[in-house]
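The values are calculated or read from the model by the stated rules, or taken from the named source; none is laboratory data. Since the structure is predicted, the reported quantities are computational estimates derived from the model, not experimental observations. With ideal geometry, Cβ positions are generated from the backbone for all residues, glycine too; neighbour counts draw on all protein chains shown. Remember, those area values only see protein heavy atoms, side chains included, never the ligands or the DNA or RNA. Shrake-Rupley method; radii C 1.70, N 1.55, O 1.52, S 1.80 Å.
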Amino acid sequence: MYGMMFTHGTVTSMRAVSGTFSQPLRLASNRPNRPRIANRRSSHCRAALTRPDDSKLNWYENDREVFIVLPVADGITKKDIKVKFLRTRVEFEVGGVAQVEGTLENSIEPDDSVWEIDEDDDGQRIVRLSLGKEEPGAMWELLFEDETKSLKEITEKVFFDVEIDDEPAGRIEMGLYGQTVPRTVENFYMLCKGTLGQCPETGVDLAYKGSIFHRIIPGFMCQGGDITTADGTGGTSIYDDGTFEDESFVLKHDEAGILSMANAGPDTNNSQFFITTVPTPDLDNKHVVFGKVLSGMDVVAKMEAAGSNSGLNGLPTKKVVIADCGEIME
């Protein structure tokens, strides 16, 4: 069974999905897999390190190294600094005060790790630790426990008014994590608002209003957002190519009500999304989580009840429609 998907302004054939519920929510395509940006892989560090509450310590990374940077006073010299690199631990003290504590979730190469006193671009004196990654190309994304607090900061709120077989079912209100995955959130947010008009290549309204949930599997998820073909083989984004990259897999499918992107493989996000009805850890590191349901899980339960367990197709037994949607103004 084949369907059609609009990609890059052209029509590409799509193969139907088959398999078990634990498989990723792919739009399984016969298009060749294209390499991911810089061939990077996310290893999803669980942010096990801690730092003092008032610490000015920061960090960044590239494909091969993780850099930990701490501003220091002019009077600090090498004899005031103690650093020890272990495979899963870094010991770092300045003036007898521990700057980093805890165990690394990802391993480093101690022999490839160094530290130095340097100056940043503004002339600020700093201590820079360079940790050689044991697995080059793996992006850690998180390092310190306190970073997880801002990952789920809600930057926008949107709603769906849902109808089931032409009867009002209620409103779902959702919060979006724009600080963590800004392009993914902007895409969903603008499709909820529906103010962009038509896609120049396809003539399709860039809006979720009037679209259906085409795939609902009880005890798993509700999938919608195919605004071009309404059967799971289509969809388009607000961006020029119609698809866009996987921004980050740092957020997890750890509860019911998670908003996440459906895809056809790496870096093929469009307008299709799903709402989990249970925790779905098998989808971690394969689909980009970008928000969660704030209220209206009772509506999601009504939608779930209209689903079916007919393989992975999950063809609903009733018509579930986004009758209206938009931004929640506060």
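As an exercise, use a Förster radius of 45 Å and the Cβ-Cβ distance of T229 and Y60 to find the FRET efficiency, rounded to the nearest 0.05. Each step should come with its number before you reach the end.
Values: r = 42 Å, r/R0 = 0.92.
Step by step, r from the Cβ atoms, then E = 0.60.
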Accessible area in square angstrom per residue, segment 240-289, 1.4 angstrom probe: 25
Under a Cβ-only charge scheme (Lys and Arg +1, Asp and Glu -1), can you give me the dipole magnitude of segment 66-166 about the Cα centre, in debye to the nearest 20? 900
Mind checking the per residue accessible area of segment 90-221 for me, 1.4 Å probe, whole number of Å²? 45
Dipole magnitude of segment 244-330, debye to nearest 20 (Cβ charges: Lys/Arg +1, Asp/Glu -1, about Cα centre): 460
Just going by the charge dipole of segment 231-271, with Lys and Arg at +1 and Asp and Glu at -1 on Cβ, which of I258, T236, N270 is farthest out on the positive end? I258
Among Q179, G203, A323, which residue has its Cα positioned farthest towards the positive end of the charge dipole of segment 175-330, with +1 placed on the Cβ of Lys and Arg, -1 on the Cβ of Asp and Glu, and the dipole taken about the Cα centre? A323
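Give K157/K252; K152/K286; K157/K209; K56/K292 a once-over and call out the pairs whose C-alpha atoms are over 21 Å from each other.
Working: K157/K252 19 Å; K152/K286 19 Å; K157/K209 16 Å; K56/K292 31 Å.
Exceeds cut-off: K56/K292.
Assign unit charges at the C-beta atoms only (+1 for Lys and Arg, -1 for Asp and Glu), then state the dipole size of segment 179-328 relative to its Cα centre in Debye, rounded to the nearest 20. Each step should come with its number before you reach the end.
Working: 10 positive and 19 negative charges, 111 e Å.
Result for segment 179-328 is approximately 540 debye, rounded to the nearest 20.
For an R0 of 45 angstrom, estimate the FRET efficiency from the Cβ-Cβ distance between L294 and L86 and round to the nearest 0.05. List each step's numbers first, then the result.
Details: r = 42 Å, r/R0 = 0.94.
According to the calculation, E is roughly 0.60.
For segment 194-330, which whole-number percentage of the solvent-accessible area (1.4 Å probe, protein heavy atoms only) is attributable to carbon and sulfur atoms? Provide the component values of the computation, followed by the final result.
Values: 2400 of 4840 Å².
Roughly 50 percent, rounded to a whole number.
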Gain on full stretching of the segment that runs from E173 to D282 - 0.36 nm per residue minus C-alpha separation: 36.7 nm
If each K or R counts +1 and each D or E counts -1, the residues other than E167 whose Cβ falls under 11 Å of its Cβ total 0
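If you stretched the chain out fully between D166 and D241, how much longer would it get, using 0.36 nm times the residue separation minus the C-alpha to C-alpha distance?
Details: separation 75, 0.36 × 75 = 27.00 nm, distance 3.41 nm.
Contour length minus the Cα-Cα distance gives 23.6 nm.
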Ranked highest first by the average count of other Cβ atoms within 10 Å around their residues, in what order do 151-161, 219-229 fall? 219-229, 151-161
Using 0.36 nm times the number of residues separating D267 and K152, minus their current alpha carbon distance, what extension gain do you get? 39.2 nm
How about K193: which aspartates and glutamates have a C-alpha closer than 19 Å to its C-alpha, ignoring those fewer than 8 places off in the same chain? E156, D161, E163, E173, D205, D226, D240, D324, E327, E330
What's the carbon and sulfur percent of segment 90-182's accessible surface, probe 1.4 angstrom, rounded to a whole number? 38
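Averaged over all directions, how much area does the convex hull of the C-alpha atoms of segment 188-311 cover when projected, in nm²?
Working: hull surface 29.9 nm².
Convex hull of Cα atoms, orientation-averaged projection: 7.5 nm².
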